[in-house]
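Following: one structure in C-alpha cells, then a few remarks.
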Amino acid sequence: MLFPIFSLAEDRVSPSVSQLIIGIAPTWDSMNGRLQRLDKTPEGWRAAGPPVPVLFGKSGLAWGRGLINGRDQGPVKMEHDHRAPAGVFRIGMIYTYDRSLPPGANYPFYTVGEGDAWVDDIHNPHYNEHVIVEAKNPPAWFAKQKMRRGDFAYRWLVEIRHNADPPVPGFGSAIFFHIRRGPMRPSAGCTTMPEKDLVELIRWLRTSANPAYVCLPRSEYLVRWKIWELPDPAATGLF
C-alpha cells in the first residue's frame, strides 16, 4: 500500500515518512557531496550512522521532478545533462544482479535478467521505465539500455523516483543509488557511493517507513528546510 509522502499543497513532509536519506552538495555545480540516513523518533530526527561521501552527476545538480520541487532558481534537470536531480523523491525498487538481498535487508527487490532494460530514449513510449524484452530477439535499442552488463557498479541499483509519476520525456531518466567506480569518477546523474555504504543503506531501508530522498545544494537546504519541514540541519551532521 502506498501512503501519501507529502502534502503537495503545503510542501511539507507527511507524518508517514520515518526514514529520510539526505544528500548535500556544496553548490549546484559540485560533483562531490555527503549523504546521511535519518530515522524519525519520538524525540525527532536522528542520524542512523555517520555521513558518507557520495558523488553526484559530473556537472552537479539540477531541479528534478519529484515529490517536492524548487525550480524558482537554479538549473532544471534534462536528459543527458550529467546532473543529478535535486528535490525530494520516493525510493522505488532495488534492482540487483543477485538472487537475494544482503543479510538483514527487507525491502522489495528484483533480480535483473538478460532481458531487462531501463529506457532512456525520449521517443520510446516506455521512457524512464523498466521493461522486459525477449533476450534472444531484442529490439534495436536494447543494447544501449540493457540493465545486466556485468558491471560491478550496477550490482545494486536503488531506484530514485525522479520523473517517474508519470515520466515526461526529456526531463531525465534512470536515476539510482549505485556503487561508485572510484572516488573521483562521478556519474551521469545518479548518486553513487562505496559499496559498503550502499549495502548499509539497503539493509536499513523499510517499506513501512516510506523512505524518501532529499538531494539539494547546501544553500537550498538552509533556505527550505523549515518550509518543507525537513530535519534541522544540525540533526543531519552534514552542516
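Over the Cα atoms of region 71-166, Rg to Rh with Kirkwood Rh, two decimal places? Walk me through the numbers before you get to the answer.
Details: Rg = 14.9 Å, Rh = 15.1 Å.
Rg divided by Rh gives 0.99.
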Name the residue, out of PHE56, PHE171, PHE152, whose mean-square fluctuation peaks in a Gaussian network model built on the chain with Cα pairs under 10 Å.
PHE152
Quick one: what are the phi-derived ³J(HN,Hα) couplings along region 157-162, Karplus 6.51/-1.76/1.60 with θ = phi - 60°, whole Hz, x for glycine and proline?
10, 10, 5, 9, 7, 8
Mean-square fluctuation check for the chain, GNM, Cα pairs under 10 Å: which of PRO42, PRO51, PRO166 is largest?
PRO42
Which far-off residues, 5 or more places away or on another chain, put their amide H under 5 Å from the one on ILE68, with H placed in the peptide plane?
VAL88
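Treating the beta-carbon of each Lys and Arg as +1 and of each Asp and Glu as -1, no other charges, what is the dipole magnitude of the chain about its Cα centre, to the nearest 20 debye?
Working: 28 positive and 24 negative charges, 97 e Å.
Charge dipole of the chain: 460 debye, to the nearest 20.
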Connecting every pair of Cα atoms under 10 Å apart in the chain and solving the GNM, the largest mean-square fluctuation among HIS178, HIS126, HIS162 falls on HIS126
Which whole-angstrom value gives the distance between the alpha carbon centres of region 134-173 and region 31-51?
29 Å
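Starting from the Kirkwood Rh over alpha-carbon pairs, what translational D in µm² s⁻¹ does region 135-239 have by Stokes-Einstein at 20 °C and 1.002 mPa s? Show your work: numbers first, answer last.
On the way: Rh = 16.5 Å.
The estimated diffusion coefficient comes to 130 µm²/s.
Taking the Kirkwood radius as the inverse of the mean 1/r across Cα pairs, report the Rg/Rh of the chain. Walk me through the intermediate numbers first.
Working: Rg = 17.0 Å, Rh = 18.0 Å.
A ratio of 0.95.
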In region 18-236, lysine pairs closer than 26 Å at Cα, eight or more apart or cross-chain:
12
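Quick one: compute the contact order of the chain, relative version, from alpha carbon pairs under 8 angstrom and 6+ residues apart, as a percent.
Working: 566 pairs, mean separation 66.4, N = 239.
Relative contact order here is 28 percent.
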Computed [θ] at 222 nm, helices only, for the chain once each DSSP H run of length n ≥ 4 contributes -39500 (n - 2.57)
-2500 deg cm²/dmol
In degrees between 0 and 90, to the nearest 10, how far off the longest principal axis of the chain does helix 195-204 point, with axes built from Cα atoms?
70 degrees
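Read the figures in this text as sums done on the coordinates, not as results from a lab. Please read all numbers here as calculations on a predicted model, not as lab measurements. Note that we place each Cβ from the backbone using ideal geometry, even for glycine, and neighbour counts take in every protein chain shown.
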